[in-house]
Amino acid sequence: MAKTTDKTRLRERRRLRVRQRIRGTADQPRLSVFRSAKHIYAQIIDDASGRTLAAASSLSAKVAGGNIAGAQAVGKAIAEKAKAASITRVCFDRGGNLFHGRVKALADAAREAGLEF
């Protein structure tokens with residue numbers, strides 16, 4: 001069995017604490033962010049039906065890695081896909097990460113591209 005580090009365990013506890021308060025509905029789905037060491041991923045999820053409505057990542061955005069520029073490209077891409085699916089309002093799920101750096105860059109880019117949260 002893989003040994004988890006304290007950092008990973010604490011992030012998981014923060015993620016669960018955030019998810020207790022945030023629920024995505026059909027009217028206002030959840031914009032979930034996952035940050036790995038090399039890339040950043042975003043999904044728009046309707047928790048009521050359990051479906052992913054739109055997704056974007058630094059892998060699909062054709063940017064070099066998940067740095068700040070990559071996060072901005074992903075934020076813009078997820079907002080465009082949300083508009084195509086006629087979604088304008090979302091609730092932001094930072095996934096246990098602190099709201100700064102790449103996570104903040106993704107959120108700001110999504111807001112500039114037209115998403116409201």
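The values are calculated or read from the model by the stated rules, or taken from the named source; none is laboratory data. Keep in mind the model is a prediction, meaning the values are calculated, not measured. Glycine also receives a Cβ, built like all others from the backbone with ideal geometry; neighbour counts cover every protein chain displayed.
Out of all the residues in region 93-102, which are within 18 Å of residue 19 (Cβ to Cβ) and either modelled with pLDDT of 95 or more or assigned to a loop (DSSP other than H, G, I, E, B) (or both)?
94, 95, 96, 97, 98, 99
Mind checking which residues of region 66-87 are over 15 Å from residue 33 (Cβ atoms), not in a helix (DSSP H, G or I) and not polar (S, T, N, Q)?
Those that are over 15 Å from residue 33 (Cβ atoms), not in a helix (DSSP H, G or I) and not polar (S, T, N, Q): 85, 87.
Among 61, 26, which is modelled with pLDDT under 95, of a type in the set (A, V, I, L, M, F, W, C) and surrounded by fewer than 19 Cβ atoms within 10 Å (Cβ to Cβ)?
26
Residue 6 - would you say it is at pLDDT below 95, in contact with a Ser or Thr (Cβ under 9 Å, 6 or more places away or on another chain) and of a type outside the set (A, V, I, L, M, F, W, C)?
Working: at pLDDT below 95: yes; in contact with a Ser or Thr (Cβ under 9 Å, 6 or more places away or on another chain): no; of a type outside the set (A, V, I, L, M, F, W, C): yes.
Spelling it out, it is not the case that residue 6 is at pLDDT below 95, in contact with a Ser or Thr (Cβ under 9 Å, 6 or more places away or on another chain) and of a type outside the set (A, V, I, L, M, F, W, C).
Right, residue 11: under 14 Å from the mean Cα position of the chain (by Cα), part of a helix (DSSP H, G or I) and more than 18 Å from residue 116 (Cα to Cα) or not?
Against the criterion (under 14 Å from the mean Cα position of the chain (by Cα), part of a helix (DSSP H, G or I) and more than 18 Å from residue 116 (Cα to Cα)), residue 11 does not qualify.
Got a number for residues in region 29-41 being out of contact with any Ser or Thr (no Cβ under 7 Å at 6 or more places or on another chain) and either of a type in the set (A, V, I, L, M) or surrounded by 15 or more Cβ atoms within 10 Å (Cβ to Cβ) (or both)?
Residues in region 29-41 being out of contact with any Ser or Thr (no Cβ under 7 Å at 6 or more places or on another chain) and either of a type in the set (A, V, I, L, M) or surrounded by 15 or more Cβ atoms within 10 Å (Cβ to Cβ) (or both): 8 in total.
Taking region 70-99, which residues are of a type in the set (A, V, I, L, M), more than 15 Å from residue 26 (Cβ to Cβ) and surrounded by 15 or more Cβ atoms within 10 Å (Cβ to Cβ)?
So in region 70-99, the residues of a type in the set (A, V, I, L, M) come out as 71, 73-74, 77-79, 82, 84-85, 87, 90, 98.
Applying the additional criterion that residues be more than 15 Å from residue 26 (Cβ to Cβ) yields 71, 73-74, 77-79, 84, 98.
Correct list: 71, 73, 74, 77, 78, 79.
What are the pairs, 6+ residues apart or on separate chains, where a residue within region 26-50 that is in contact (Cβ under 8 Å) with a residue 24 or more places away in the chain and within 15 Å of residue 106 (Cβ to Cβ) has its Cβ under 8 Å from a residue that is of a type in the set (Lys, Arg) and assigned to a loop (DSSP other than H, G, I, E, B)?
30/23; 33/94
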